[in-house]
Every structure is written in C-alpha cells, then in structure tokens.
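Undergrad: Sharing a structure below in structure tokens format, with a few things to ask.
The values are calculated or read from the model by the stated rules, or taken from the named source; none is laboratory data. The model shown is predicted, which means the values in this text are computed figures rather than measured ones. We place every Cβ from the backbone using ideal geometry, glycine too, and count neighbours over all the protein chains shown. Just the protein is used for accessible areas: all its heavy atoms, side chains included, with ligands, DNA and RNA removed. Shrake-Rupley method; radii C 1.70, N 1.55, O 1.52, S 1.80 Å.
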Amino acid sequence: MFSGIQPTADSFHLGNYLGALREWVVMQDDYDAFYCVVDQHAITIAHDPAELRERTRLSVAQLLAIGIDPDRSTLFVQSHVPEHAQLTWVLECLTGFGEASRMTQFKDKSARQEEDHVSVGLFTYPALMAADILLYRADAVPVGEDQRQHLELTRNLAQRFNSRFGGTLTVPAAHIPKETAKIQDLQDPSAKMSKSVPGGVVELLDEPKRSAKKIRSAVTDTGREIVHDPEGKPGISNLLAIYSSLSGRTIPELQAAYEGKGYGDLKKDLAEVLVDFVTPFQEEVRGYLDDPAELDRVLARGAEHARSVAADTLREVYDGIGFLRPL
Ligand code: TYM
C-alpha cells in the first residue's frame, strides 16, 4: 500500500488524522506499506523554502508520533526518490488535457488563487500523485474522500498504460474510511475541514486548550437531540464522528449515552477526549524533533528502500514506452 501527505502547514489537522493517518497506522500491520511526505506536491502553490524544510521535518516527526513504525513501514520524502518526477512525465503524456481539467480539486484550488499565480504544476499535480502510487505497485491507498477523484484517474492511467504498452502496473483501490471520510469544518459544517480555512480546523500541534475551546464553540444545529444525521444535523453528526473515532465508542453507543443530555455536554466531553489525545502526541513530536540526526537516518533508510522498488517499476515503464536503454 501507498499513501502521502503534504507538508504544507505547521501541523496536521484532525481531518488528516481521522480521514487517513489513523488508517496508515492500522494498515502497516497487514501491508507492505510506503508512506511519503510529498514535498514536490507542496511547491505547486506559492511557498517559503525555509518553511518547507521545517514543515517537512515536522511532518515526519508527526508521522512517527502517531505510530508509523519505520522498522515495519517505509517512511520517506518524495524528493529523495527521483523516480517520482521521472514517472510523472510519462504519465502526463498519457493524461488527456480535458481529463486533467475535470479534476475538482484543481478547479477549487485554482479558483482560490489569483489568476496569474495558478501554476502548471498545480494542474499536473494528479499525474505526480498517480506516479507516487504506481511506482510501488500499491493495491490499496488509504485517503479521505477528497482524494477519490485523483485515485480514479490513477486507476485509469494504470489501465491505459497496461493496455497500450503491455504493462503490468497494479490498478490501485482507494481505501476510504466510512464515518470519517470527510471531517467537516467546526464553524461551517457544510465545508471540509481544511488548513486553508483557519476558523474551524483543529490542528494537532495547537495549544490543547485552544483546540478544546474550538470544540466547545463548534457550530451546532437547531433542535436538541444528539443523533447522527449528516443531512439534517451536519454539525452534531460531525462531532459524533470525531468523538466516536477518537474514543473507540460506536456512534449508536454515544447516541444512547447522550440521550436526554444537551449539545454542551457532548462538546465538553469531546473536548476532554481531544485534549487527552493531543497532549501525549505533542510530547512525542517534541521528542523526535530533539533528535534531527535520527530523523535523517530514518529518512535515508526509507529513501534507499523506496528507490530500490521504484527503480524497478520505472525500468518496466521506460521499456514499455520505447525508451532506449542506456549502456
Ligand atoms: P493532503 O495532504 O491534503 O491530506 C492528507 C490526507 O488527509 C485527508 N484529509 C481529510 N480526510 C477527511 N476529512 C478531511 N477534512 C480531510 N482533509 C484531508 C486527505 O484525503 C489525505 O488522505 N494529494 C494528497 C497527497 C498525496 C497522496 C499521494 C495521497 C500525494 N500523493 C498518493 C495518497 C497517495 C493530498 O494533498 O493530501
């Protein structure tokens, strides 16, 4: 399996964790797992170089702190494995312009930026993502709902390469969790929780008290009943989904426990559950950041193993496409 995360913020947020990263931790037991901090994706929008370096390290520390075990999984940084960029070019040449134009994430992100700052890299971003996945012949890709369309494109590209060039690329499947596929913004439960909308996002490295306050002041719905009904009660349903996955209690269990109680009770308890989760996490992150040499060793080991796998796939693709092998 393969998955990736962008180092584009000072902290991962609750949507990243519940939509994807939690599955990464679980799946490393059963899969040969490759986890990547995708720094090349992070430069598709305007960025600061020193900040990118810092955030890449911080991302690795957070992945280790949530329980990614570099002895069982391959943890690495995308730019350390040049095959990602190399395969991207081939995939770009297999991707239709219209096909890429239909990517909703590109449409959303480009609409949010000033017109002259929309880069070609932002447009071809899904081909780089497809390269990430196909290089490792991943069967399963744990992601949140917002990546479903990119996964569909990846599948189409693998099938296209295989049928046109007699390749053997694995056609991957998205692995999207049921209840937490789309964690919503706490202030606007009709929108996805996202780092680009600061108000209603819970950042894992934020001051725990501040995060608790954000939970307590989350926008909830009219009425009083605590029931899971994403259409009718998006705010309360979002809080129930978060609560359930952080505590391990099922949604029906929580509904029963809060029968007759108010929204305030639920928020207060969830705020505590959240604080109990982020406090030890932050401690762990600090520990990893205190030993940058060890982080570098982990990444060097990860990149070396990733390259050995990626190079084999790239060779097959180059042969299939008709590139002459160098002596
Ligand atoms: P990124 O960095 O935006 O997000 C990382 C993961 O978090 C999930 N996610 C969410 N899940 C539920 N609710 C939310 N509100 C929420 N917000 C984010 C994302 O779905 C993602 O799984 N293009 C990818 C990174 C990437 C990648 C890959 C992923 C690059 N190459 C190859 C998988 C395989 C991205 O920008 O994710």
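Undergrad: State all residues of segment 6-25 that are in a helix (DSSP H, G or I), more than 9 Å from the ligand (Cβ to nearest atom) and either aliphatic (A, V, I, L, M) or over 13 Å from the mean Cα position of the chain (by Cα) (or both); if no residue qualifies, say none.
TA: Answer for segment 6-25, where residues must be in a helix (DSSP H, G or I), more than 9 Å from the ligand (Cβ to nearest atom) and either aliphatic (A, V, I, L, M) or over 13 Å from the mean Cα position of the chain (by Cα) (or both): just 25.
Undergrad: Has segment 133-145 got any residue that is in a helix (DSSP H, G or I), of a type outside the set (A, V, I, L, M) and open to solvent by 50 Å² or more (accessible area, probe 1.4 Å)?
TA: Yes, that holds for at least one residue.
Undergrad: Restricting to segment 26-46, name every residue that is within 13 Å of the ligand (Cβ to nearest atom) and either in a helix (DSSP H, G or I) or open to solvent by 20 Å² or more (accessible area, probe 1.4 Å) (or both).
TA: Within segment 26-46, 27, 39, 40, 41, 42, 43, 45 meet the criteria.
Undergrad: Could you list, in sequence order, the residues of segment 186-223 that are open to solvent by 60 Å² or more (accessible area, probe 1.4 Å) and within 23 Å of residue 147 (Cα to Cα)?
TA: Passing the criteria: 187, 188, 190, 192, 195, 196, 197, 198.
Undergrad: Which condition does residue 226 not pass, out of (1) of a type outside the set (Phe, Trp, Tyr); (2) open to solvent by 80 Å² or more (accessible area, probe 1.4 Å); (3) in a loop (DSSP other than H, G, I, E, B), if it passes all the others?
TA: So the condition that residue 226 fails would be (2).
Undergrad: Within 14 Å of the ligand (Cβ to nearest atom) and of a type in the set (D, E, K, R) - does that describe any residue in segment 47-55?
TA: Yes, the conditions are met somewhere in segment 47-55.
Undergrad: Still on this structure: Report yes if residue 99 is more than 22 Å from the chain's Cα centre (by Cα), modelled with pLDDT under 95 and farther than 29 Å from residue 27 by Cα, otherwise no.
TA: No.
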